[in-house]
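Input: a single structure, listed below in structure tokens.
The values are calculated or read from the model by the stated rules, or taken from the named source; none is laboratory data. Just so we're clear, the structure is a prediction, and the values are computed from it rather than from any experiment. FYI the Cβ positions are ideal-geometry reconstructions off the backbone, even for glycines, and counts take in every protein chain you see. In case anyone asks, the SASA skips ligands and DNA or RNA and just uses the protein heavy atoms, side chains included. Shrake-Rupley method; radii C 1.70, N 1.55, O 1.52, S 1.80 Å.
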Amino acid sequence: MQYRGNARFLPSRCLFARNLLIVAAAAVTSRSAFASTTTCKRILYSPTRMTDQQTCDSSSYRAGSSSVAFVTTPDRESAKKLAHGIIDRKIAACVNIIPKIESIYMWEGKVTEDDEYLMMIKTRTERIDELSKFVRENHPHSVAEVISIPIENGNLPYLNWIAQTVPELEKKKD
């Protein structure tokens with residue numbers, strides 16, 4: 001009985017972290033039954049409205065062509081500065097900043113605990129190297145975390161919006 005009363009005081013970030021892991025795991029699993037639909041309405045995102053444009057099939061999104069990258073920062077200001085730089089340079093379509101996560105990690109031979117901010121960055125997979133380079137050059141830590149997971153499946157209008165917002169890498173001419 002005493003445990004039931006204490007359960008309501010669990011930090012919401014623990015639940016959020018658990019749900020984030022579930023979502024991330026689902027993103028990397030194979031296509032679900034929902035992906036077998038053969039037709040859908042493509043919705044193009046615009047800052048002012050979303051409009052129907054054309055009919056498309058579920059194969060219009062190539063699994064893994066977009067990714068979610070995770071970057072941690074020591075404070076809100078550095079997260080916002082990185083996010084603005086990433087968006088201004090069109091390296092990504094969207095950056096979510098999740099405040100006050102607790103990180104426990106090994107650093108220079110000892111266990112370290114820090115409060116950090118987590119950035120969830122949605123971009124084209126082919127732009128991850130550029131994103132990583134930008135973060136390395138602008139992050140306050142000497143070793144910046146940049147990890148990514150390819151997006152296998154999701155809301156087609158959103159995935160199309162990422163592709164429309166983030167330009168493809170220019171092909172080098174030999």
Exercise. Do we have any residue at all in the range 112-119 that's in contact with a Leu (Cβ under 7 Å, 6 or more places away or on another chain) and closer than 18 Å to E168 by Cα?
Worked result: no
Seminar exercise, completed: If we take the range 79-174, then strands (runs of 3 or more DSSP E) inside it with 2 or more residues that are without any contact (Cβ under 8 Å) to a residue 24 or more places away in the chain are 94-107, 110-124
Exercise. Based on what the data block shows, is K100 modelled with pLDDT under 95 and open to solvent by 70 Å² or more (accessible area, probe 1.4 Å)?
Worked result: yes
Problem set entry | Candidates I121, I147, filtered to the one that is under 26 Å from R62 (Cα atoms), out of contact with any His (no Cβ under 7 Å at 6 or more places or on another chain) and surrounded by 17 or more Cβ atoms within 10 Å (Cβ to Cβ) | I121
